[in-house]
Amino acid sequence: MTFSIVALSPDGHYLGVATATRTLAVGAVVPAAAPRAGALATQAYTNRTFRSRVLELLRQGVAPAEVLEVLRGEDSEFDHRQLGVVDGAGRSATWTGPGCSAWAGGRHGPLYAVVGNLLTGPEVLDAMEGTYLAAATPSFPQLLVDALRAGESAGGDRRGRQSAALYVVANEAADIAPPVAVVDLRVDDHPAPVAELGRLLGVWHAEVEAEEERRGRPVVPEARTVGELRW
């Protein structure tokens, strides 16, 4: 009962997930990412253990499509799961089990995957995919939130709105546990969670810029050492 985008930034420097749903605290269960490994969204009848298992397989060099086949062999309820996976090189795959609530489906291509279930229709994913591919903003976190907005505007979760989350890591940072997130924002319970997530991202931008001005140096060093990307 969720729609999500999982992506590698167009410049290859950042991995991230943005997700929204009509249940409480989506950020606590759906997204995961680790530098150099990849990112994923696990949803529908969510298997939370997929977060660590998928990242483990990606670290071993298993391609996203093959990751899904491994999970199929390990999980007897795989037909009720939905996943979007992107690895650190931009390879992607999606899975929507036949037991997921309609409408459900996925889209994927180089650098991205979008997935959703119990949606108003396929136009939700079409809008999210189109927004990502258009890349109308140089800010990767903003691009992910814009994709969520597009999906919501196209209909989103057919039950309504409640929570949203944004999680981004630097692809070339150290792969430690837990990962050092560049952006980790969650709206757990709100009548307009995607709009609120966008507002929080704006606050994050402003605070980072103010702190950099005060210090005279970057407070998000990865944004300078892996592409000079200004957020």
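The values are calculated or read from the model by the stated rules, or taken from the named source; none is laboratory data. Remember, predicted model here, so these are calculated numbers, not experimental data. Backbone-built Cβ (ideal geometry, glycine too); neighbour counts: all protein chains shown. We work out accessible area using only protein heavy atoms, side chains counted, and drop any ligands, DNA or RNA first. Shrake-Rupley method; radii C 1.70, N 1.55, O 1.52, S 1.80 Å.
Any idea which of Val86, Val67, Val62 is under 19 Å from Leu166 (Cβ atoms) and among the β-branched types (Val, Ile, Thr)? Exactly one of Val86, Val67, Val62 is under 19 Å from Leu166 (Cβ atoms) and among the β-branched types (Val, Ile, Thr), namely Val86. Of all residues being open to solvent by 10 Å² or more (accessible area, probe 1.4 Å) and more than 10 Å from the chain's Cα centre (by Cα) in region 21-38, which is nearest to Ala154 (Cα to Cα)? Just the residue, please. Among them, the one singled out is Arg22.
With respect to the conditions (1) open to solvent by 30 Å² or more (accessible area, probe 1.4 Å); (2) among the acidic types (Asp, Glu); (3) out of contact with any Leu (no Cβ under 9 Å at 6 or more places or on another chain), Glu66 lacks only one, and its number is (3).
Assessment of region 12-20 against the conditions (more than 16 Å from the chain's Cα centre (by Cα), at pLDDT 95 or above, farther than 25 Å from Ser153 by Cα and crowded, with 24+ Cβ neighbours inside 10 Å) yields no matching residue. The numbered conditions (1) within 22 Å of Gly27 (Cα to Cα); (2) charged (D, E, K, R); (3) open to solvent by 50 Å² or more (accessible area, probe 1.4 Å) are all true for Asp157 except (3). Within region 35-58, restricting attention to residues that are of a type in the set (D, E, K, R) and in contact with a Leu (Cβ under 8 Å, 6 or more places away or on another chain), the residue that is farthest from Asn171 (Cα to Cα) is Arg53. Given the criteria open to solvent by 40 Å² or more (accessible area, probe 1.4 Å), part of a loop (DSSP other than H, G, I, E, B) and over 22 Å from Ala89 (Cβ atoms), does Asp189 qualify? When the stated conditions are applied, Asp189 passes them.
Please determine, by comparing only the residues of region 7-59 that are hydrophobic (A, V, I, L, M, F, W, C) and without any contact (Cβ under 8 Å) to a residue 40 or more places away in the chain, which one is nearest to Val183 (Cα to Cα). So that I can check it myself, show each step before the final result.
Within region 7-59, the first condition is being hydrophobic (A, V, I, L, M, F, W, C), and the residues that meet it are 7-8, 15, 17-18, 20, 24-26, 28-30, 32-34, 37, 39-41, 44, 50, 54-55, 57-58.
Then keep just the ones that are without any contact (Cβ under 8 Å) to a residue 40 or more places away in the chain; that gives 29, 50, 54-55, 57-58.
Numbers: Val29: 17, Phe50: 22, Val54: 21, Leu55: 19, Leu57: 24, Leu58: 22 Å.
Per the stated criteria, the residue is Val29.
Pro138: open to solvent by 60 Å² or more (accessible area, probe 1.4 Å), at pLDDT below 95 and of a type outside the set (Phe, Trp, Tyr), yes or no?
yes
Among the residues making up region 148-181, those that are assigned to a strand (DSSP E or B), modelled with pLDDT of 95 or more and not small (Gly, Ala, Ser) are Leu166, Tyr167, Val168, Val169. Candidates Arg51, Arg59, Arg72: the one that is open to solvent by 20 Å² or more (accessible area, probe 1.4 Å), out of contact with any Phe, Trp or Tyr (no Cβ under 9 Å at 6 or more places or on another chain) and over 16 Å from Thr19 (Cβ atoms) is Arg59.
Rundown of residues vs (1) part of a loop (DSSP other than H, G, I, E, B); (2) open to solvent by 30 Å² or more (accessible area, probe 1.4 Å), yes/no style:
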| site | (1), (2) |
| --- | --- |
| Pro98 | yes, yes |
| Val114 | no, no |
| Gly130 | no, yes |
| Asp146 | no, yes |
